[in-house]
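A.B. asks: Sharing a structure, written as structure tokens. Questions coming.
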Protein chains: 2
Amino acid sequence: MPKQIDASTRRLEVVDAVFRVVMRGGLERASLRTVADEAGLNIGSVRHYFTSQQELMRFAMQAMLDRVSARLLRRIDELGDVSALPPTRQRQRAADVLAELLPLDEERHAEVTVFIDFVTAARTNATFADLAAKAALGTRALVRQTLTRLQQTAGIRPDLDLDTETERLTALMDGLGLNAILHPELVGADTCDAVLRAHLDSLRPARR
Amino acid sequence: MPKQIDASTRRLEVVDAVFRVVMRGGLERASLRTVADEAGLNIGSVRHYFTSQQELMRFAMQAMLDRVSARLLRRIDELGDVSALPPTRQRQRAADVLAELLPLDEERHAEVTVFIDFVTAARTNATFADLAAKAALGTRALVRQTLTRLQQTAGIRPDLDLDTETERLTALMDGLGLNAILHPELVGADTCDAVLRAHLDSLRPARR
DNA sequence: GTCGTTGTATCACACCCGTGATAAAACGAC
DNA sequence: GTCGTTTTATCACGGGTGTGATACAACGAC
């Protein structure tokens, strides 16, 4: 068997370069040449691992989505079963999970930044359309499941309409992320965290 | 006096062409050539009215912001003083005002689409940075004022923290708009409207 | 060693871009 | 009519883009 130390890790190295370029200059700057430079590679090398820049960009977006969902699953697994906790703690754990989608630290900030760039590009670039649609459905599924479980265990009010609340919380999360990315001096990590918790608290059952 | 039938309206015609191009293909497609084609003009003509494409794009973004705020002021003026209305009506009027920032019809859909493209571009394009920052402050001022007045006239609960609530409602609005633009099959005008009203209703004072 | 696969590195081509320079046409003032 | 300004229209240049083709180096199998 010939060389082939690790073809897939090389691809991920290039993808990391894509992320750095996108972070710095947006998706439009992510040309083969700039990405190759960022990765310290020659254009020919990059083209050896990706047959076209379209494939590279799609692969990069997919890698970003995988990374996010992996971190999400890890977090959910860490927190374990929360159904026995008191309602306040339940909401706290729910916030902990959802916070993985917010740019609360440097890693997540980078992820959300790249995410926003890709999904907004998907509006006019058919290359990303299906991935963006899948991502949108994915966050809604997560948000809905989170709210459903909270409601089943009296963590939030029983009369809330889950369709509306799912869309409301999803919009809140996306809006927080977007604002934190675009206006970090206005919306910092603390603000994101405070708003998310305030929202979940506002759904708590009435005192009796 | 020479020709000069109307220099400023010509500029606005070009700006309209910019909007159509951005709607169709995103900001990156808005080159001088494509814009000139869309406007039915020659590149030279466009360049006669705008010394550089940077000036054109800035002017276009400013025009879009002016258009939005003009419609907003008109709407506020239409609704007039609401302090005498019952709380439910007050919140309804507040929703009517804020709904001007959501893509509820074709006109607003186009505006929000272009808006999102410009402000996201502002992250990596210094040309738009100041305008995007101004816009962010503007929406926050509107949201805050709306909430403040509601609170003063018992339209929403008196114990709500306006800082947090302003940021929460702002994020909700931005997130709704973003999702409606990116995933219109998931988030339509009816959903936007329902979520906004549900949010304001959730702020209503407790029954007594 | 030779061979063949894998990885690197360059060249060239056609395309689109913003912009400077310049010419030509259109039009009002006189 | 002439003159001068405004508007429209072209050309050319340098730079960046993706991609096809191709050559060269590196390395394991044999």
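A.B. asks: For residue A:105, state whether it is free of Cβ contacts under 8 Å to residues at least 24 places away in the same chain, in the same structural domain as residue A:120 (by TED's automatic domain parsing) and more than 16 Å from DNA strand C (Cβ to nearest atom).
C.D. replies: Numbers: free of Cβ contacts under 8 Å to residues at least 24 places away in the same chain: no; in the same structural domain as residue A:120 (by TED's automatic domain parsing): yes; more than 16 Å from DNA strand C (Cβ to nearest atom): yes.
Taking the combined requirement at face value, the residue does not satisfy it.
So that you can scan it fast, the table gives a plain yes or no per residue for (1) crowded, with 21+ Cβ neighbours inside 10 Å; (2) within 16 Å of DNA strand C (Cβ to nearest atom); (3) within 19 Å of residue B:141 (Cβ to Cβ):
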position: B:20; (1), (2), (3): no, yes, no
position: B:28; (1), (2), (3): no, yes, no
position: B:51; (1), (2), (3): no, yes, no
position: B:70; (1), (2), (3): no, no, yes
position: B:76; (1), (2), (3): no, no, yes
position: B:87; (1), (2), (3): no, no, no
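A.B. asks: Any chance the range A:153-162 includes a residue that's in a helix (DSSP H, G or I), among the charged types (D, E, K, R) and in contact with a Leu (Cβ under 9 Å, 6 or more places away or on another chain)? Reasoning before the result, please.
C.D. replies: Taking the range A:153-162 as the starting set, the residues that turn out to be in a helix (DSSP H, G or I) are A:162.
Remaining after also requiring among the charged types (D, E, K, R): none.
No, there is no match, as no residue in the range A:153-162 is in a helix (DSSP H, G or I), among the charged types (D, E, K, R) and in contact with a Leu (Cβ under 9 Å, 6 or more places away or on another chain).
A.B. asks: Would you kindly identify the helices (runs of 4 or more DSSP H) lying entirely within the range B:1-119 that contain at least 2 residues that are within 16 Å of DNA strand D (Cβ to nearest atom)?
C.D. replies: Ranges flagged: B:7-25, B:32-39, B:43-49, B:53-79.
A.B. asks: If you don't mind, another one. Checking the condition in a helix (DSSP H, G or I), of a type in the set (Gly, Ala, Ser) and at the interface with another protein chain (Cβ under 9 Å from one of its Cβ atoms), which residue from A:138, A:177 passes? It would help to see each step written out before you state the result.
C.D. replies: Numbers: A:138 fails: at the interface with another protein chain (Cβ under 9 Å from one of its Cβ atoms).
Of the residues listed, the single one that is in a helix (DSSP H, G or I), of a type in the set (Gly, Ala, Ser) and at the interface with another protein chain (Cβ under 9 Å from one of its Cβ atoms) is A:177.
A.B. asks: Among A:29, A:11, A:24, which is the only one that is over 24 Å from residue A:182 (Cβ atoms) and of a type in the set (D, E, K, R)?
C.D. replies: When all the criteria are applied, what remains is A:11.
The values are calculated or read from the model by the stated rules, or taken from the named source; none is laboratory data. This structure is a prediction, so every number in the text was calculated from the model and none was measured. Neighbour counts run over all protein chains shown; Cβ positions are idealised from the backbone, glycine included.
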